[in-house]
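Peer 1: Handing you a structure now.
The values are calculated or read from the model by the stated rules, or taken from the named source; none is laboratory data. From a predicted model like this one, the values you see are computed outputs, not experimental measurements. Please note: Cβ atoms are built from the backbone with ideal geometry, for glycine as well, and neighbour counts cover all protein chains shown. Only protein heavy atoms, including side chains, enter the accessible area calculation; ligands, DNA and RNA are left aside. Shrake-Rupley method; radii C 1.70, N 1.55, O 1.52, S 1.80 Å.
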Amino acid sequence: MADILNVKVNEFMAKVIAKNPGESEFHQAVKEVVESLMPFIDANPKYKEAKILERMAEPERVIMFRVAWVDDNGEIQINRGYRIQMSSAIGPYKGGLRLHPTVNLGILKFLAFEQVLKNSLTTLPMGGAKGGSDFDPKGKSDNEIMRFCQAFMTELSKHIGADTDVPAGDIGTGGREIGYMFGQYKKLRNEFVGVLTGKALEWGGSLIRPEATGYGSVYFAQEMLATRGDSLKGKVCTVSGSGNVAQYTVEKLIQLGAKAVTLSDSSGYIYDPAGIDTEKLAWVMELKNIRRGRISEYADKFGCEFVPGKTPWGVKCDCAFPSATQNEVNEDDAKELIKNGCFVVSEGANMPSTPDAIEVYLKAKILYGPGKAANAGGVATSGLEMTQNSMRLPWTREEVDARLHQIMISIHQTCVKYGTEKDGFINYVKGANIGGFIKVADAMIAQGVV
Ligand code: NDP
Ligand code: 2IT
C-alpha cells in the first residue's frame with residue numbers, strides 16, 4: 001500500500017518538476033504536502049476526480065514586472081517585482097511581500113503555496129498569495145526605500161484591492177515599507193481602503209499585528225507542550241533571526257517564564273546563556289528596527305559570544321524557534337538539536353527545516369510544529385485587521401490578542417484531529433496539511449472547474 005502511494009507521489013512530483021523547472025523550493029513545499037495528502041486523497045476519491053492537487057499546484061495567476069527607480073546617486077536601478085496569486089477558493093488572495101536579493105519565482109511560489117493551506121487553517125476567509133522583489137533593502141537610504149516602494153506599487157496597484165488581494169509584510173518588508181506602499185496606492189487609486197495589512201495604528205492598522213507571528217508561534221509551542229502536561233516555564237529556548245518574528249517570539253517567551261538564549265542574522269548568532277531579558281530585547285529592537293545594525297553588536301554590548309557564519313542549532317536547548325528563513329535547519333542541525341535534548345520545534349519562519357531535518361524530528365517523535373501551523377498567527381491577525389477595516393472600528397489590544405490566542409488553539413486542535421497517529425503521536429505535518437487542505441478542496445469542488 002505504502003509503495004503504491006509512493007509511486008503516486010513520485011509520478012505527481014515528476015510532472016510538477018517538469019512543469020516548473022529549477023524551482024527547487026517550490027518542489028520541496030509541494031512534495032511535503034503531497035506526501036501527507038496522498039493517503040487521504042486515496043481514501044477520498046472525490047478529491048482525486050476533481051484533480052484538486054493538480055489545480056492547487058498551478059497558481060491562479062502569476063504577475064511579473066519591471067521595477068525601475070533612481071538611487072541617491074542618480075543612477076537607474078532595475079529590479080523584478082512579483083505577485084503570485086495562488087488560490088482564491090476561500091477568500092481574497094492574502095500573503096506577504098518579501099524584499100530580499102535571493103527572491104525568485106520558485107521561492108515566491110513555495111511561499112504562496114504554503115500560504116493557501118496556512119490561511120485555511122486560521123479559520124478566516126482568506127485565499128493565498130505571495131509577492132516581493134529581488135530588491136535588497138540593506139544599506140539603502142530611507143528615500144531609496146520610498147522610491148523603490150512607490151515604483152513597485154505603481155505596477156502592483158493594478159492587480160490588488162481590498163476585496164481582491166491584500167498584501168502584507170515578510171522578510172525586508174515592515175511598517176516603513178507598508179507605509180510607503182499604502183501612500184502610493186492611495187495616491188494612484190484615490191481610495192482609502194484596507195488594501196494592505198501591517199499598517200500603522202493611526203491609519204487603519206491593528207494592535208498586536210506586529211507581535212502576532214512571534215506570539216502565535218509561542219502560543220503554538222505552549223499548546224504542543226500541554227499535550228504532554230508540560231509548559232514553557234523555565235525552558236531554555238534557541239531563536240534564530242532577529243527581525244519581526246524573532247523579536248516578538250523572545251518577548252512572549254520572556255512573559256511566559258522561558259529563557260531565550262540566542263538570536264541571529266545572516267552574519268551569525270549570539271549566545272547569551274544568562275538569557276535575553278526585557279531590557280536587552282528593547283536594545284535589540286532599537287538596533288534592528290531603527291539603527292538597522294548587525295546582531296554581532298549585541299555581543300559587544302552585553303559581553304557574550306558571537307559566532308560568525310553559523311546558525312544557533314548547536315546550542316543546548318529544550319525548545320527551538322527557527323524564525324529567520326527557509327532551509328536554515330538541516331539534517332545535521334536537527335540531529336544535534338535532538339542529541340542536546342531539544343524536544344520542541346515551533347517554526348516562526350516558512351519552511352525553515354529541510355525535508356531531512358523533518359524526518360529526524362518525526363522519527364524522534366518530538367513536538368514539531370511546522371510553519372504553516374505555528375506561524376499562522378501573523379496572517380490570522382492580518383485577517384483581524386481586515387475585519388476591523390471593514391467595520392471601521394478598532395479593537396483593543398486585549399481583544400485582538402485573545403482572538404489570536406484562540407485561533408492558535410484552534411489550529412492546534414485541527415492538527416491534533418487530522419494528525420494523531422495510532423500510537424497517540426501527533427504528526428503536526430500531516431495534521432496541518434490535511435486540516436488546511438479540506439476547506440480549500442471542498443470550496444474548489446463547490447465552485448466548479450474554474
Ligand atoms: P525580517 O526581515 O524582519 O527579519 C528577517 C531575519 O532573518 C533577519 O534577522 C535576517 O537577517 C534573517 N535572515 C533573512 N534571510 C536570511 C538568510 N538568507 N540567511 C540567514 N538569515 C536570514 O523578517 P520576518 O521576521 O518578518 O520574517 C522571518 C521569517 O518569518 C521568514 O521566513 C518569513 O517568511 C516568516 N514569516 C513572517 C511573518 C510576518 O508576519 N512577518 C508571518 C509568517 C512567517 P539579515 O538582517 O542579516 O538579513
Ligand atoms: O508568511 C506569512 O504568513 C506572512 N508573511 C504574513 C502574511 C500576511 O498577509 O499577513
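Peer 1: Quick test of the membrane-span-like rule: which DSSP H helices of the chain reach at least 15 Å along their long axis (C-alpha atoms) with mean Kyte hydropathy at least -1.0?
Peer 2: 2-19, 24-43, 105-121, 142-156, 175-189, 209-226, 244-255, 377-391, 397-419, 428-446
Peer 1: Can I ask one more? At 0.36 nm per residue, minus the direct Cα-Cα distance, what do Glu75 and Trp203 gain on full extension? Give it in nm, one decimal, please.
Peer 2: 42.8 nm
Peer 1: Now for a separate question. Would you kindly state how much longer the chain becomes between Asp300 and Asn327 on full extension, computed as 0.36 nm times their sequence separation minus their alpha carbon distance, in nm to one decimal?
Peer 2: Full-extension gain reported as 6.9 nm.
Peer 1: Say the dipole of segment 330-399 comes from +1 at the beta carbon of Lys and Arg and -1 at that of Asp and Glu; which of Thr396, Gly377, Ser353 then lies farthest toward its positive end?
Peer 2: Value: Thr396.
Peer 1: Hey, another quick one. Put Trp283, Trp203 in order of accessible area, largest first, 1.4 Å probe: what do you get?
Peer 2: Result of the area sort, largest leading: Trp203, Trp283.
Peer 1: Exposed loop GluC sites (Glu not before Pro) only (DSSP loop, at most 14 other Cβ atoms within 10 Å): please give the longest stretch of the chain free of them, not including the sites.
Peer 2: 192-420
Peer 1: Can you put His412, His159 in order of accessible area, largest first, using a 1.4 Å probe?
Peer 2: So, going from the largest accessible area down, we get His159, His412.
Peer 1: A further question follows. Per residue, how many Å² of accessible area does segment 180-297 show with a 1.4 Å probe?
Peer 2: Heavy-atom accessible area per residue stands at 39 Å².
Peer 1: What spacing in nm lies between the two simple spin-label points modelled at Thr227 and Ala364, each 7 Å away from Cα in the Cβ direction?
Peer 2: 1.7 nm
Peer 1: I would also like to ask the following. Measuring with a 1.4 Å probe in the full set of protein chains, what accessible area per residue, in whole Å², belongs to segment 360-410?
Peer 2: 40 Å²
Peer 1: Would you mind working out the accessible area per residue for segment 67-107, using a 1.4 Å probe, and quoting it in Å²?
Peer 2: On a per-residue basis, 36 Å².
Peer 1: Could you report the accessible area of His27 in Å², rounded to 10, computed with a 1.4 Å probe on the protein chains as they sit in the structure?
Peer 2: About 30 Å², ignoring ligands and nucleic acids.
Peer 1: What FRET efficiency comes out for the pair Leu5/Ser266, r = Cβ-Cβ distance, R0 = 45 Å, nearest 0.05?
Peer 2: The calculated FRET efficiency here is 0.70.
Peer 1: If you filter segment 18-96 for trypsin sites (Lys or Arg not before Pro), then keep DSSP loop positions with at most 13 other Cβ within 10 Å, what is left?
Peer 2: Those that pass, being in a loop and sparsely packed, are Lys51.
Peer 1: Of the heavy-atom accessible surface of the chain (probe 1.4 angstrom), what whole percent is carbon and sulfur?
Peer 2: 52 percent
Peer 1: Dipole magnitude of the chain about its Cα centre, charges +1 at Lys/Arg Cβ and -1 at Asp/Glu Cβ only, in debye to the nearest 20?
Peer 2: My answer is approximately 740 debye.
Peer 1: State the Cα centre-to-centre distance between segment 380-438 and segment 249-310 in whole Å.
Peer 2: 28 Å
Peer 1: Relative contact order of the chain: what whole-number percent is it, with Cα pairs under 8 angstrom and at least 6 residues apart?
Peer 2: Relative contact order for the chain comes out at 15 percent.
Peer 1: Can you tell me how the chain classifies by the Cα gyration tensor, rounded, prolate or oblate, using a/c under 1.5 as the rounded cut?
Peer 2: rounded
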